[in-house]
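Data first, discussion second: the structure below is written as structure tokens.
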Amino acid sequence: MAAGRCAQSATAARGETVRGGGSAAHSPSMSQTKSSPVPGPSVIGTPLERAVAAELISDMDLLRLKANAKLLARGLAPEVQWWDLLQEAFARVLSGHRGRPPGVPVDAFITGVMRSIRSQYWRQMSRGCHESETDIFDPSPDPERALLAVQELAAITRLFADDPVVMRILDGLADGLTPDEICSANGFSKTTYDSARKRMRRTLLREGLRMEFRP
Amino acid sequence: MKKYQRFAAQQPEVRLEKVLEALTTEVAGATEQEVLDAAADLRMDPRLRGSVATLGVKGLVFPYRPGVFGPVKPDTGVSPTPEGPSPPTDTPDAS
């Protein structure tokens, strides 16, 4: 029940509702401490289905995670789909490899796991291997990955092409600036910055929920 | 060290990582109303059972493919054969 309570408190903070309390027995690592893995063969369904069935995650969390999975799947190999990222994140969490730190909402935690998987995969892409490597950023230039990164950044920026404030914020974020530094460098008030963030969130959520089919 | 950090920050890969981190944090922090508003822009209502907004994450869940991101660890707790429904013939775009 601990996991269920965690999921509930995370979403309750946003005024959302979670049906049922969930069961920690179904997913040990949705709880906030690292625990032992669940034996595999008896488990039915995909990791995502198991998390949903155990009511450990709200519908709104799922939608936010879907949007984030689509965002993070950008630039990965064509055979890697957004749901691969999402399913893998749930698989690692449910297996007990990842323990949720105290106070971190479920969707933020799963998003972090997806970012981590993406980052690792990204670094391995040009090497053509899947071996686990160090988490330290490899400073050696890789022209293929660099070009891909430029293209993906451009694609993300295009989402906000009609919003110059958001474009400047994105530029500042890419430079590693803090919100205060972005505001002072561009002369934005806190209200301007917060309004732009709100527009940014709406655009990203819209893109994440959009149903697109390949021609 | 500072010189290296400045150099690293200019690399497209690092810039992309930073932007993705910031944007995914924003999305993860979105309120329920913001999610509903974004869905309404697309004439979707995620509160309805079987809403298209939930395609892929609830109801019709796309299969788990172990090993896409590397070798499957023996204790991942997932059967190697996904038992979920197959994805539609026209697969949604990864973007």
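The values are calculated or read from the model by the stated rules, or taken from the named source; none is laboratory data. Note that the coordinates shown come from a computational prediction; the quantities given were computed from them, not determined experimentally. In this analysis, Cβ positions are derived from the backbone assuming ideal geometry, glycine residues included, and neighbour counts consider all displayed protein chains.
Within region A:91-111, identify whether any single residue is closer than 11 Å to B:Phe69 by Cβ, within 10 Å of the chain's Cα centre (by Cα) and modelled with pLDDT of 85 or more, and answer yes or no. Looking through region A:91-111, none of the residues is closer than 11 Å to B:Phe69 by Cβ, within 10 Å of the chain's Cα centre (by Cα) and modelled with pLDDT of 85 or more.
Looking only at region A:112-120, decide whether some residue is assigned to a loop (DSSP other than H, G, I, E, B) and either under 14 Å from the mean Cα position of the chain (by Cα) or facing chain B (nearest Cβ under 7 Å) (or both). Working first, answer last.
The initial filter retains those residues of region A:112-120 that are assigned to a loop (DSSP other than H, G, I, E, B), namely none.
No: zero hits.
For every residue, the table says whether it meets (1) among the basic types (Lys, Arg); (2) not in a loop (DSSP other than H, G, I, E, B).
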{"site": "A:Met167", "(1), (2)": "no, yes"}
{"site": "A:Leu170", "(1), (2)": "no, yes"}
{"site": "A:Leu173", "(1), (2)": "no, yes"}
{"site": "A:Phe188", "(1), (2)": "no, no"}
{"site": "A:Asp194", "(1), (2)": "no, yes"}
{"site": "A:Lys198", "(1), (2)": "yes, yes"}
{"site": "A:Leu204", "(1), (2)": "no, yes"}
{"site": "A:Glu207", "(1), (2)": "no, yes"}
{"site": "A:Met211", "(1), (2)": "no, no"}
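Within region A:49-69, the set of residues being closer than 22 Å to A:Arg206 by Cα and in a helix (DSSP H, G or I) comprises A:Asp59, A:Met60, A:Asp61, A:Leu62, A:Leu63, A:Arg64, A:Leu65, A:Lys66, A:Ala67, A:Asn68, A:Ala69.
Scanning region A:70-90 for residues that are over 16 Å from B:Arg65 (Cα atoms) and not in a helix (DSSP H, G or I) returns A:Arg74, A:Gly75. From the list B:Val78, B:Val35, B:Val27, B:Val19, the one residue that fits, being at pLDDT 80 or above and either part of a loop (DSSP other than H, G, I, E, B) or touching a Gly at 6+ places or on another chain (Cβ under 9 Å) (or both), is B:Val27.
For region B:28-46, the candidate set comprises residues that are within 7 Å of chain A (Cβ to nearest Cβ) and aliphatic (A, V, I, L, M); within that set, the residue that is surrounded by the fewest Cβ atoms within 10 Å (Cβ to Cβ) is B:Leu42.
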